[in-house]
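Novice: Please see the structure below; I have some questions.
We did not get these values from a lab; they are worked out from the coordinates using the rules stated. Fair warning: this is a prediction, and the values are worked out from it, not measured in the lab. Counting neighbours? That spans all protein chains shown, and the Cβs are built from the backbone with ideal geometry, glycine included.
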Amino acid sequence: MTGDADVWARAVAGDPAAFGTVFDRHQARVHGHALRLCRHRHDAEDVTAMVFLEAWRRRDAVRIVDGSVLAWLLVTTGHVAQNLARSTRRHRIALASLPPHADVDDPADDVAARLDVVDRDRRLRVALDGLGKADRDVLGLCVLEEFPMATAAEALGVPVGTVKSRLSRAKSRLAKAMSASESASGRPVTLNGENR
């Protein structure tokens, strides 16, 4: 598989088949990143679709880093997921203002609550939600997606030293948030196989 630069140049010129090639190459990674950032699978699917729509709409502004558009797509995934979360919060606030109705327990909620992975992912999402945008971006690129710092720096438009210091501070803040979550739940949380 060649890099994205040539095929992206064709997409910028309006070639939908070239854009389809880029979609086929990177959709799974974008969707996986969206799953880590969203509370529900269908939200991650919506975020993935919106990211590629934004890439098509703003194709002249997409940054190619190391011959690939993936880093730009992943940063955009973080922005779209954050916007969706804000919209969801506003929607919940609006619904909360409606008169209450009788709640019906969903047995699926009990099953999901017992799964350790669901609990771990929830606590990780809460910890990530509590971080600032810069922290989430650098953690998403360098830790969750395992990009080199130089690639993350180019994707974020900052020097490598800035990425290094942001990553150090972000890991420290995430570790504190995860420790607080672990204390509250009594269960350790792991990120990429490491206890946090």
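Novice: Measuring from label point to label point, each 7 Å out along Cα→Cβ, what is the Arg29 to Arg169 span in nm?
Specialist: 2.7
Novice: Using alpha carbons only, how many degrees (0 to 90, rounded to 10) separate the axis of helix 41-57 from the longest principal axis of the chain?
Specialist: Tilt of helix 41-57: around 30 degrees.
Novice: Let me ask you something else. Just want to confirm a number: the relative contact order over the chain, from Cα pairs under 8 angstrom separated by 6+ residues, in percent.
Specialist: Reported as a whole number, the value is 19 percent.
Novice: In addition: Roughly how tilted is helix 160-185, in degrees to the nearest 10 and between 0 and 90, from the longest Cα axis of the chain?
Specialist: Value to nearest ten degrees: 20.
Novice: Still on this structure, I have one more. In cubic angstrom, how much convex hull volume per residue do the alpha carbon atoms of segment 1-97 span?
Specialist: Taking the convex hull of the Cα positions in segment 1-97, it is 94 Å³ per residue.
Novice: Calculated from the structure, semi-axes √(5λ) of the Cα gyration tensor in Å equals which of (i) 39, 19, 11; (ii) 35, 17, 14; (iii) 32, 23, 15?
Specialist: This structure yields the entry labelled (iii).
Novice: What fraction, in whole percent, of alpha-carbon pairs in segment 45-101 exceed 15 Å separation?
Specialist: 57
Novice: Can you give me the angle between helix 116-129 and the longest principal axis of the chain, using Cα atoms only, in degrees from 0 to 90, rounded to the nearest 10?
Specialist: Tilt of helix 116-129: around 70 degrees.
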